[in-house]
Amino acid sequence: METIKGIPVSPGISIASVVILRADDLRIHHRFISKDKIESEVRRFERATRRAARDLDAQIGSLGDELMIAKQVLQTHRDMMKDPGLHRDVLARIEEDLYSAAYSVSVVLGEYHGRFEKMESEYLAERAHDIKDIERKLLLLLLGKRREKRQIFDEDVVIVSHNLTPSQTASLAKEKVVGFAVDVGGRTSHTAIMARALQVPAVVGLKEISRKVANGDTLVIDGYAGEVIVNPDGKVLSAYRRKAKYSERFFNELQEEISWPAETLDGYEITLSANIELPEEISTALEWGARGVGLYRTEFLYESGVPDEEMHLKTYRKAVKALRGRELVIRTLDAGADKFHEEFVGFEEPNPFLGCRSIRLCLQKPELFRGQVRAALRVSVYGPVKIMLPMISTVEELRHAKEIIADVREELTREGIEMAPRVPVGIMVEVPSIALIIDRVADEVDFFSIGTNDLVQYSLAVDRVNEHVAHLYQPAHPGILRLIKEVIAASNRAGIQVSICGEMCSEPAYVLLLMGLGLRHFSLSPIAIPTVKRIIRQVTITEASEVAEQCLNSEQASESEVLLSRRASKLLPDFF
Ligand code: PEP
Ligand code: MG
């Protein structure tokens, strides 16, 4: 039995046997070829190595001399792509064994990898990672955008992995996957968000769990405490079975409160809307008490390639219909960084979180943006929708995006297509540069939504998916609270709505603080709605304001964290 500590990202307890998912495993569907395909497979392989070498050359060229070590590593990769030994070995597999190009690459590089891994010298053993990298690059090129198949399991399992992309998390069959335990990541990584959306207990940042457990091991995932217990003994197992039952009871009790209003003791109502990734989540979100959808992350619509306008429209209509008159906030494509980076950006970036993501990508590829905007405007005849622009960091970007939206509207009018006379356009406040000049943009938008996941990441210079700096990811940092306060003040002055859609508002400890800062609209993971509502119903805005004032005046996040957890554990004794 071993207990491993990580970061809790999705509440609940699960107990099941382990299935290890190798995130790097790109599934190869066609392993064998017929004789008449030999020539074309050889050509495919040669093309892939040439393309990979070109990409690597471009990457090397973009690095300055101060990054000599990185350059050297990439040069080795590039040389490897041209290595006659590699070509000889792969061609032999294609020509003699009739393996497909992709399968030959994976077999040959798999053998190289095994040999390097066994080497005594640490330096040479490290090169095994390089081989993996080269294999991955080639396979990605050879397999194109082919998707991994949806996994089907016969019995309940917990998935253990070094990393999980959001699309992998989404593609895991919901019914039988009862937990996630992942080596890397933090509270607001998109994998964590997906786990919460799927209502599956999850712990991330477990560092080496994927190497420590084997398929078939029994695992307890404690999504409250952020602990994972490998092969628990009888006593521990029965204690967790009791805890699992207890947590189920807590959620059942909360369900009875679902129709109650989210109103404070002194009569202030807080609107609780849902963050969703797929329209299919709406019915559950409404069951959990959501008033509408405050953040629809449309990226997941692009999972199988760029959707055309009709596909956008069909999906948005489904969402609008499911909401039956409640509001839908459609966030335009926020791809890049940890969400579908390879598929959209098309080139590697040294720092994707600061790179060509989100609105930047949309403005660079307007055809990508226009189709989505056309559908968002068209769907407005079926119910109330708003358009939300992510990652706005400058006024120019906002104006540019708004110009495109206005242009699309004119185009639709010319085509005689019906739309609602007004579709509000707002922005996410998630980059510090825009939060700091918020008064200058307040007159140019219809609403603000504070995206604390990224706002914290960019303000504190802490990668939201890096477990090594997770302790520095501090939503209650006084600097963040000041930014939030300023954004609220500017929106009140301009008379526009301000909401919060970052994960911070789904964490019980921060609810009182955010209300005290002046927020009245929360958009959060549907599963968290009943818990947050229970807090709201037990407090007054006066006491929330006092708490917020104390936190704003504290020097460090840790002081506020102590105060906030103490308050929250009194309000939710069953939860903590
Ligand atoms: C945020 O950054 O707070 C946010 C809600 O957007 P996402 O998590 O999709 O980046
Ligand atoms: Mg964001």
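The values are calculated or read from the model by the stated rules, or taken from the named source; none is laboratory data. Keep in mind that this is a model prediction, so the values were computed, not measured. Every residue, glycine as well, gets a Cβ built from its backbone with ideal geometry; the counts of neighbours run over all protein chains shown. Remember, those area values only see protein heavy atoms, side chains included, never the ligands or the DNA or RNA. Shrake-Rupley method; radii C 1.70, N 1.55, O 1.52, S 1.80 Å.
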How do 205-217, 513-525, 350-362 rank on mean C-beta neighbours within 10 Å, highest first? 513-525, 350-362, 205-217
Of all accessible surface on the chain at a 1.4 Å probe, what whole percent is carbon and sulfur? 50
Quick one: accessible area per residue over region 268-502, 1.4 Å probe, rounded to a whole number of Å²? 40
Each residue of region 508-518 in order: what ³J(HN,Hα) in whole Hz does its phi give by Karplus 6.51 cos²θ - 1.76 cosθ + 1.60, θ = phi - 60°, with x for Gly and Pro? x, 4, 9, 4, 4, 4, 5, 5, x, 6, x
About the Cα centre, charge dipole magnitude for the chain (Lys/Arg +1, Asp/Glu -1 at Cβ), debye: 1040
Descending accessible area (1.4 Å probe), largest on the left, turns E263, E396 into E396, E263
Region 178-245: equivalent-ellipsoid semi-axes (sqrt of 5 x gyration tensor eigenvalues, Cα, Å): 21, 15, 9
Among the listed pairs K207/K318; K118/K207; K402/K533; K35/K82, which have their C-alpha atoms separated by more than 29 angstrom in this model? K207/K318; K402/K533
When the helix-only estimate is applied to the chain (DSSP H runs of n ≥ 4, each -39,500 (n - 2.57), divided by the residue count), what is the mean residue ellipticity at 222 nm, nearest 500 deg cm²/dmol? -15000 deg cm²/dmol
Candidate residues T542, T298: accessible-area rank, largest first, probe 1.4 Å: T542, T298
Lys/Arg +1, Asp/Glu -1 at C-beta; the chain dipole; positive extreme among V213, A461, P384: P384
Provide the solvent-accessible area of D133, counting protein heavy atoms only and rolling a 1.4 Å probe, rounded to the nearest 10 Å². 70
Folded to 0 to 90 degrees: helix 309-323 orientation relative to the chain principal axis, Cα: 40
Enter the per residue convex hull volume of the chain, computed from alpha-carbon coordinates, in Å³ rounded to the nearest integer. 177
Determine, for each peptide in 104-116, 383-395, the mean count of other beta carbons within 10 angstrom over its residues, then list the peptides with the highest first. 383-395, 104-116
Given 20 °C and 1.002 mPa s, how large is the Stokes-Einstein diffusion coefficient of region 268-502 in µm²/s, with Rh as the Kirkwood radius over Cα pairs? 117
Subtracting the Cα-Cα distance of R242 and R537 from 0.36 nm times their residue separation yields 103.4 nm
Nearby aspartates and glutamates by direct alpha-carbon distance to K235 (threshold 14 angstrom, same-chain neighbours under 8 apart not counted): E2
Solvent-accessible ranking of F153, F180, largest area first, probe 1.4 Å: F153, F180
Given 442-451, 326-335, 557-566, the highest-first ranking by average Cβ count within 10 Å works out to 326-335, 442-451, 557-566
Want the number for Q550 to E2: 0.36 nm per residue separation, take away the alpha-carbon distance, what's left? 193.3 nm
